[in-house]
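Below: the structure, in structure tokens.
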Amino acid sequence: MIQKYNVPVPRYTSYPPANHFKALTSQEYLDVVRQSNLYSRNNISFYIHVPFCQQLCHYCGCNSVAMASDERVSAYVNALHKEIDLLLPLLDKNRKISQIHYGGGSPTSLPVSVIRELNDHLLQGFDTIEQPEIAIECQPAYLTASDWNALADAHFTRMSIGVQDFAPDVLKAVNRKASLIPLEEVFEILTSKGIRVNLDFIYGLPLQTVDSFAQTIERAIRLRPHRLVTFSYAHVPWVNKRQLILEKYGLPKEEDKTAMFQKASDLLLSAGYQAVGMDHFVLSDDSLYQALKNHQLHRNFQGYCTREITAQVYAFGVSGISQLDGMYAQNTKNIDEYLQNVNERILPIVKGYALNKEEQVTRSVIEMLMCNYQIDWNELSQLLNMPISDIKKATAYDDVKMADFARDGLIQMDEQRIVMQPEYAPFVRNVAASLDRLMSNAAPNFSKPI
């Protein structure tokens with residue numbers, strides 16, 4: 001089964017995936033931004049990308065750069081404020097913010113006071129929903145107790161802490177430092193102020209074994225985070241050449257990676273966590289699990305979200321991707337080009353994708369499958385106001401392919417539903433790819449499910 005299905009397929013954090021993006025002008029994006037005020041799904045999500053890292057990890061495939069001079073960082077932050085000022089006047093002030101997310105790089109490479117000023121800038125012009133999610137990805141290696149306290153007071157409701165592994169030899173091999181202060185102390189600070197905490201881990205790194213990764217997960221369970229994420233390391237050195245450094249240590253075999261995930265999953269489920277999506281484990285009272293039980297889980301570039309949090313996403317900073325109902329639009333990845341454009345009062349859009357009607361239908365089908373592990377054709381028909389037959393025609397749906405998945409045990413299917421079987425959840429990407437018309441012409445430069 002692993003030989004057959006552990007093949008390169010998109011992650012489907014969006015549909016179409018970002019490799020299909022093409023040249024797009026800022027004016028085309030602006031036209032869709034104005035239209036977005038009229039969309040039925042009308043909440044606002046802001047994403048801010050901070051590319052700087054105090055130290056570059058060898059495994060990382062994100063758009064990140066080594067920490068720059070104070071002047072360079074200050075110029076970048078000033079440009080973020082200017083870009084925000086270019087976009088905010090175009091948004092209806094009656095709309096509400098449901099989500100703000102900081103990603104990177106390492107957003108916490110910025111001083112906490114600077115991060116708070118960015119939050120204040122975004123929040124000053126709009127009301128929020130009753131319980132917005134304001135989240136930031138944190139590199140704990142450089143944060144003092146004072147920093148954690150200041151972050152907790154900077155409007156955040158959730159923090160994702162990038163641990164990756166507790167084993168010192170693994171961290172050294174991938175060029176990452178451990179938390180500056182004990183995570184137990186970090187948890188005490190954050191939870192005392194009502195902050196929900198995520199812990200992020202990666203399996204498939206050099207020097208990891210099934211036993212060592214299990215020890216990492218056991219320690220994480222003792223901390224009792226609200227959510228715990230186990231990312232499968234994607235070895236894509238054609239995207240990030242630094243990953244070639246890891247090959248000198250050797251990477252775990254695919255069967256060992258599978259065993260790492262399975263052992264981690266068993267430990268987490270035994271400890272009372274619930275599996276959500278491809279890689280998340282959450283406490284039973286978590287909103288993501290409640291959404292999953294009701295088949296109402298959603299996803300954007302920031303990760304899984306509930307229907308309440310789901311919104312139109314407007315991104316700021318280099319490489320940021322805005323995610324609107326009818327379009328994706330990505331900023332330049334080049335910091336110099338970004339600074340020049342924004343300082344000339346030009347939104348730094350370089351590429352994106354305008355979805356046609358069929359692609360919007362396919363996006364709904366694939367999102368339902370990827371998030372909720374099932375496709376309910378009747379529910380989709382009501383949601384999209386289309387006959388089921390037309391929905392299937394808009395995708396690459398094929399009875400023969402689905403029958404093959406069913407014979408192999410990946411899915412159960414009837415006329416009403418396609419349902420992924422839990423033991424084959426990592427291969428949900430394969431089933432999604434079978435529904436994707438664009439896969440027929442796609443180069444196989446994707447990561448593998450395991």
- Debye calc, one equal point scatterer per Cα of the chain, no solvent, log10 I(q)/I(0) at q = 0.08 1/Å comes to -0.45
- Query: What length, rounded to one decimal in nm, is gained on full extension from Ile388 through to Gln215, with 0.36 nm per residue of separation minus their alpha-carbon distance?
  - Reply: 57.6 nm
- Message: Based only on other Cβ atoms within 10 Å, what is the fewest-to-most ordering of Thr144, Thr306, Thr216?
- Response: Thr144, Thr306, Thr216
- What residue among Asn240, Leu151, Val229 has its Cα farthest toward the positive end of the dipole of the chain, where the charges are +1 on Lys, Arg and -1 on Asp, Glu, each on the Cβ? Asn240
- Query: Roughly speaking, what % of Cα-Cα pairs in segment 191-285 are separated by over 23 Å, rounded to a whole number?
  - Reply: 30 percent
- Note on the structure: Percent antiparallel among DSSP beta bridges confined to the chain, nearest 5, equals 45 percent
- Under the helix-only model (-39500 (n - 2.57) for each DSSP H run of 4 or more, divided by the residues of the chain), the mean residue ellipticity at 222 nm, to 500 deg cm²/dmol, is -11000 deg cm²/dmol
- Message: Give me the three principal axis extents of segment 356-438 from the C-alpha atoms, as integers in angstrom, largest value leading.
- Response: 32, 25, 23
- Message: Exposed loop sites here are GluC sites (Glu not before Pro) in DSSP loop states with at most 13 other C-beta atoms within 10 Å. What is the longest stretch of the chain lacking them?
- Response: 1-343
- How much length is gained on full extension from Thr13 to Gln131, taking 0.36 nm per residue of separation minus their Cα-Cα distance? 40.1 nm
- Query: How large is the dipole of segment 318-358 about the Cα centre if only Lys and Arg carry +1 and Asp and Glu carry -1, each at its Cβ, rounded to the nearest 20 debye?
  - Reply: 40 debye
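Throughout, read-outs are computed from the coordinates displayed, never taken from laboratory work. All of these numbers come straight from a predicted model, not from anything done at the bench. No Cβ is skipped: glycine too gets one built from the backbone with ideal geometry, and neighbour counts run over all protein chains shown.
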